[in-house]
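Student: Can you read through this structure? Questions will come right after.
The values are calculated or read from the model by the stated rules, or taken from the named source; none is laboratory data. This is a predicted model, so every value here is computed, not measured. Because the Cβ atoms are built from the backbone with ideal geometry, glycine has one as well, and the counts that use them run over all protein chains shown.
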């Protein structure tokens, strides 16, 4: 049940309309950063205020919300934002990716493929992909307008010159629909291919920087690369210690101070449901055989 | 120099006022393909203002600057579309700053600095970009082993060479230079001038060089403009102007060179 004293989903209706207009424009021009009047939220900029404002503007009473932080449903950011919408909008929440109509995310795209009708909302710290290469806002806007994106390759060149391969591993720059250069927020480049022609609508909100951008469903999203150094995603020698998955994005977890470590899925929902389905990984197998 | 081809660049009546203060007044000249034009004069005489006006970096208050584009013939650089002008500036033109920090990207390696223009016009093959960077480091007589070092670790002379390589990699037709040797000591200057002269001759480049150093002007330029208080007071072949100056100010300028 929503608490009294707040408008539905916290923001007032005029603000929501303003943000929806920005979202509509963003969907109409895939990858283009639309300025909007970002509001003060009851948590600091940098904690996901852009994503929260986007979610607040599109959420309805019938929606089911899932919030993830680094892939996990149970970390402080995810729990707080989920509770925020449960209290101010009274909507149903879930941890299951396919049960959600709106997924707000920080730093990951769920492993379970998103379907038509679902909306993925990203929290974005720095929306401008050219920012560290060109500090002037007027100039970066001009570069977007004129499609002068060569300088982005300078960064990738520098990666290869220094490390022998493209070492940028998160927030990996993409071209949307063959036009705008876009920063996909700090998701690992492992998730970049999931954005390409996704049937779900993807919305990006940057609260502090006051920008909204979007990837409409089924839109081409291409990661930048060189002809002789094609785009590649991360690979692991290990599988998930808990569920044994060899396909998901793995977090490395230090387990003791004697060099012990293990790899587990960053997507907790995906991992838990693989466990329920009977999959086991090296750690869970050991525990079971040890206990038997 | 008599030429059949039209001038590469022609400035007509270029005048620039800074808030009412004249930077340059009624400057007209032409630059022909393969020609090196020197602009000399004392500090504050308007040399750099003229250079900025003709290189699309500073719109003049009045007057026109026409450039003979490869495909569409002569075009006023301030009337063409902005994308066309910016493309021109990073392909057909080069600009060498007095301070290499202004012309270089100090945070990325020498190779990336040279490759930037190539990537800006669509080069997407790492190996080829690297090969081009290697070739250009060689052409400007730098150690190719330093390709992956940051420009910040280079000496002033090397930074200047790198800046030149970075500009020439797209085979421009005209290069603008603002005191290219201004910050360097005499022996490094001499070697850089030698290199520049070689490159300009080999590549058939046109160049406009602003300098207060008459020795630089004599070594590099075919023709000279002498500027004073924003106006061109004398122009002609370099040797003619320097050996037989007509205007009192040119005479003063030439006579004030110290001969060791």
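Student: Run residue A:219 past the list (1) away from every other protein chain (no Cβ under 14 Å); (2) surrounded by fewer than 19 Cβ atoms within 10 Å (Cβ to Cβ); (3) farther than 17 Å from residue A:71 by Cα and report the number of the one that doesn't hold.
Tutor: (2)
Student: Would you check which residues across region B:95-110 are more than 14 Å from chain A (Cβ to nearest Cβ) and under 20 Å from residue B:139 (Cβ atoms) and list them?
Tutor: B:95, B:96, B:97, B:100, B:103
Student: Is it the case that region A:276-289 has a residue that's surrounded by fewer than 20 Cβ atoms within 10 Å (Cβ to Cβ) and either in contact with a helix residue (DSSP H, G or I) (Cβ under 6 Å, 6 or more places away or on another chain) or under 30 Å from residue A:39 (Cβ atoms) (or both)?
Tutor: no
Student: Considering each residue of region B:125-146, count those that are within 14 Å of chain A (Cβ to nearest Cβ) and either surrounded by fewer than 17 Cβ atoms within 10 Å (Cβ to Cβ) or in contact (Cβ under 8 Å) with a residue 60 or more places away in the chain (or both), and give that number.
Tutor: Of the residues in region B:125-146, 7 are within 14 Å of chain A (Cβ to nearest Cβ) and either surrounded by fewer than 17 Cβ atoms within 10 Å (Cβ to Cβ) or in contact (Cβ under 8 Å) with a residue 60 or more places away in the chain (or both).
Student: Right, next: Give the number of residues within region B:218-243 that are surrounded by fewer than 20 Cβ atoms within 10 Å (Cβ to Cβ) and over 26 Å from residue B:189 (Cα atoms).
Tutor: Total meeting the criteria: 3.
Student: Also, I was wondering about something else. Looking only at helices (runs of 4 or more DSSP H) that lie completely in region B:129-229, which have at least 2 residues being closer than 27 Å to residue A:161 by Cβ and under 15 Å from the mean Cα position of the chain (by Cα)?
Tutor: Answer list for region B:129-229: B:156-168, B:186-203.
Student: Can you tell which of A:204, A:231, A:226, A:190 is modelled with pLDDT of 95 or more and more than 24 Å from the chain's Cα centre (by Cα)?
Tutor: Being modelled with pLDDT of 95 or more and more than 24 Å from the chain's Cα centre (by Cα) holds for just one of A:204, A:231, A:226, A:190, which is A:226.
Student: Regarding residue A:110, is this residue within 17 Å of residue A:191 (Cβ to Cβ) and free of Cβ contacts under 8 Å to residues at least 60 places away in the same chain?
Tutor: For residue A:110, the condition - within 17 Å of residue A:191 (Cβ to Cβ) and free of Cβ contacts under 8 Å to residues at least 60 places away in the same chain - is not met.
Student: Continuing with this model, one more query. What single numbered condition from (1) without any contact (Cβ under 8 Å) to a residue 24 or more places away in the chain; (2) more than 14 Å from chain A (Cβ to nearest Cβ); (3) in a loop (DSSP other than H, G, I, E, B) fails to hold for residue B:75?
Tutor: (3)
Residues checked against (1) away from chain B (no Cβ under 11 Å); (2) closer than 20 Å to residue A:208 by Cβ:
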site: A:86; (1), (2): yes, no
site: A:91; (1), (2): yes, no
site: A:94; (1), (2): yes, no
site: A:98; (1), (2): yes, no
site: A:101; (1), (2): yes, no
site: A:109; (1), (2): yes, no
site: A:125; (1), (2): yes, yes
site: A:145; (1), (2): no, no
site: A:157; (1), (2): no, no
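Student: Counting only residues that are exposed (fewer than 15 other Cβ atoms within 10 Å of the Cβ) and part of a strand (DSSP E or B), how many does region B:27-62 have?
Tutor: Qualifying residue count, region B:27-62: 2.
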